[in-house]
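See below for the structure under consideration.
The values are calculated or read from the model by the stated rules, or taken from the named source; none is laboratory data. All of these numbers come straight from a predicted model, not from anything done at the bench. A quick note on method: Cβ atoms are made from the backbone with ideal geometry, for glycine too, and the neighbour counts reach across all protein chains shown. These area figures cover heavy atoms from the full protein model, side chains too; ligands, DNA and RNA do not enter into them. Shrake-Rupley method; radii C 1.70, N 1.55, O 1.52, S 1.80 Å.
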Amino acid sequence: MKTLWQHCHVATMAQGVYSIIEDAAIVTSGSLIEWIGPRHALPSGDYPAVNDLNGAWVTPGLIDCHTHTVFGGNRSGEFEQRLQGVSYAEIAAAGGGIASTVRATRAASEDELFASAAKRLHSLLRDGVTTVEMKSGYGLDLANERKILRVIRRLGEAFPVSVRATCLAAHALPPEYADRPDAYIDLICNEMLPALAAEGLVDAVDAFCEYLAFSPQQVERVFIAAQKLGLPVKLHAEQLSSLHGSSLAARYQALSADHLEFMTEDDAIAMAESGTVAVLLPGAFYCLRETQLPPMEALRKHGVKIAIASDLNPGTSPALSVRLMLNMACTCFRLTPEEALAGATIHAAKALGMEHTHGSLEVGKVADFVAWQIDRPADLAYWLGGELDKRVVRHGVDVE
Ligand code: DI6
Ligand code: FE
């Protein structure tokens, strides 16, 4: 059905800038945008449904392109330890950190994981999110990674949101493979990825390239296995140290390399050439009290597309609001509000390989948008979280 949406201003986010249309109109047909432009240019015709947006600012639905939403337990105890000066690496070395979430996740049933993740997803949706990526990575064996990925698929069916599932089996070394990292990489490449991909549970493959996780050589083996299965790759890189994982990711045409505080200018050049998106995660930067900033100047100079995401996870970023991340990206990383909004719309879509259908408001794209009762687009990055008055439309239909 054809629907007209009017009395609004639009920030289309095409090409990564606001591309503002004042006093705009949008025509949706089913789940797609059929026409968008200034209202005075609206083609005359019969619009069976007309929606008045009361002067709202319309943006694409927000896209959270990096989350670990599905996990058991929580780690607020470690938060308290870190406040007393214990480092993330020390906690991990003592058996806490990711390993403690792996224990809790393995102990939880699929339904328990679904219920706890649903609450977190609900928070993201209330903030205007219409697409979200979720990673496995707290199961670390075939049965438990499958359990998480099945929950991710179920969340996409149960909620009005497009969900992308990323297999992050190479997140940490499971206890049964202590001191045998290469054997665990064999298991991932030869058994886990082929089985999970065959079950249709995986849209992309990620790994954690870090001195306390996996080496570039080990990550490369995972990338080769993913590409054999026809799956795109992504990488947690340069979060705590510089191993040039982001250059490795670029060599494999990764959709994105994420975190990146310790990346070099050469890494940025490699990412620019391959079109790999830089996903910056201010929540993790903040929670770890990191002081090393991602190299914004190099990223901008070489034209690397920058996305912003929550990294929602129990250890380093228990973040339940993408808009809060926009604010933190501006304050901590010196992005402009316009860059931050592009980071949670069009560039986030590219980080998921969805930029041809999502992330900006253009003819032929999916009609996922938010009509915000705000004065200016910059207000989205200005308020520190909270809930803004808005109307969320997904696939051309009101959500809520
Ligand atoms: N980097 C992160 O910030 C998260 N994973 C990763 O590879 C942390 C996950 C956790 O601490 O549970
Ligand atoms: Fe992460």
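The number of residues in segment 258-282 that are within 14 Å of ligand 2 (Cβ to nearest atom) and surrounded by fewer than 17 Cβ atoms within 10 Å (Cβ to Cβ) comes to 0. Just so you know, in segment 299-320 the residues that are away from ligand 2 (no atom under 12 Å from the Cβ) and in a strand (DSSP E or B) include one that is surrounded by the fewest Cβ atoms within 10 Å (Cβ to Cβ), and it is Ile306.
For segment 124-138, a residue qualifies if it is in contact with a strand residue (DSSP E or B) (Cβ under 7 Å, 6 or more places away or on another chain) and not in a loop (DSSP other than H, G, I, E, B), and the qualifying residues are Leu124, Val129, Thr130, Thr131, Val132, Glu133, Met134, Lys135. The condition of being more than 11 Å from ligand 1 (Cβ to nearest atom), among the hydrophobic types (A, V, I, L, M, F, W, C), in the same structural domain as Tyr177 (by TED's automatic domain parsing) and surrounded by fewer than 20 Cβ atoms within 10 Å (Cβ to Cβ) does not hold for Ala108. Among the residues here, Ala340 does not qualify as surrounded by 23 or more Cβ atoms within 10 Å (Cβ to Cβ), closer than 29 Å to Ala270 by Cβ and within 16 Å of ligand 2 (Cβ to nearest atom).
If we scan segment 41-49, do we find a residue that is over 30 Å from Pro337 (Cα atoms), outside the structural domain of Ala158 (by TED's automatic domain parsing) and open to solvent by less than 30 Å² (accessible area, probe 1.4 Å)? The answer is yes, given that some residue of segment 41-49 is over 30 Å from Pro337 (Cα atoms), outside the structural domain of Ala158 (by TED's automatic domain parsing) and open to solvent by less than 30 Å² (accessible area, probe 1.4 Å).
For segment 62-83, the criterion of being under 30 Å from Ala257 (Cα atoms), open to solvent by 30 Å² or more (accessible area, probe 1.4 Å) and in contact with a Cys (Cβ under 9 Å, 6 or more places away or on another chain) is met by at least one residue.
Residues that are part of a helix (DSSP H, G or I), farther than 23 Å from Gly396 by Cα and more than 18 Å from the chain's Cα centre (by Cα) within segment 139-171 comprise Leu142, Ala143, Asn144, Glu145, Arg146, Lys147, Arg150, listed in sequence order.
Here's the yes/no breakdown for (1) small (Gly, Ala, Ser); (2) under 28 Å from Gly85 (Cβ atoms):
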{"site": "Ala298", "(1), (2)": "yes, no"}
{"site": "Lys305", "(1), (2)": "no, no"}
{"site": "Ala319", "(1), (2)": "yes, yes"}
{"site": "Arg323", "(1), (2)": "no, no"}
{"site": "Cys332", "(1), (2)": "no, yes"}
{"site": "Ala348", "(1), (2)": "yes, no"}
{"site": "Gly364", "(1), (2)": "yes, no"}
{"site": "Pro377", "(1), (2)": "no, no"}
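Conditions (1) open to solvent by less than 50 Å² (accessible area, probe 1.4 Å); (2) at pLDDT below 95; (3) in the same structural domain as Ala204 (by TED's automatic domain parsing); (4) within 21 Å of Pro160 (Cβ to Cβ), marked per residue:
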{"residue": "Thr345", "(1), (2), (3), (4)": "yes, no, yes, yes"}
{"residue": "His356", "(1), (2), (3), (4)": "no, no, no, no"}
{"residue": "Leu361", "(1), (2), (3), (4)": "yes, no, no, yes"}
{"residue": "Gln373", "(1), (2), (3), (4)": "no, no, no, yes"}
{"residue": "Ala378", "(1), (2), (3), (4)": "yes, no, no, no"}
{"residue": "Gly386", "(1), (2), (3), (4)": "no, yes, no, no"}
{"residue": "Asp389", "(1), (2), (3), (4)": "no, no, no, yes"}
{"residue": "Val392", "(1), (2), (3), (4)": "yes, no, no, yes"}
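Taken over segment 321-337, the criterion of being more than 19 Å from Tyr18 (Cβ to Cβ) and within 16 Å of ligand 2 (Cβ to nearest atom) is satisfied by Met328 alone. With respect to the conditions (1) part of a loop (DSSP other than H, G, I, E, B); (2) of a type outside the set (Phe, Trp, Tyr); (3) surrounded by fewer than 17 Cβ atoms within 10 Å (Cβ to Cβ), Asn54 lacks only one, and its number is (1). For the list (1) open to solvent by 40 Å² or more (accessible area, probe 1.4 Å); (2) within 16 Å of ligand 2 (Cβ to nearest atom), I need the number of the one condition that Phe285 fails. That leaves (1) as the condition not met. Just one residue in the set Gln217, Gln239, Gln253 is touching a strand residue (DSSP E or B) at 6+ places or on another chain (Cβ under 9 Å), away from ligand 2 (no atom under 14 Å from the Cβ) and modelled with pLDDT of 95 or more; that residue is Gln253.
Checking Leu149, Leu142 one by one, the residue that is modelled with pLDDT of 95 or more, in contact with a strand residue (DSSP E or B) (Cβ under 9 Å, 6 or more places away or on another chain), open to solvent by 10 Å² or more (accessible area, probe 1.4 Å) and in the same structural domain as Gly200 (by TED's automatic domain parsing) is Leu142 and no other. Considering (1) open to solvent by less than 10 Å² (accessible area, probe 1.4 Å); (2) under 28 Å from Ala99 (Cβ atoms), the lone condition that Gln292 does not fulfil carries the number (1).
Answer yes or no as to whether Ala225 is within 16 Å of ligand 2 (Cβ to nearest atom), buried (at least 19 other Cβ atoms within 10 Å of the Cβ) and hydrophobic (A, V, I, L, M, F, W, C). So Ala225 fails the test.
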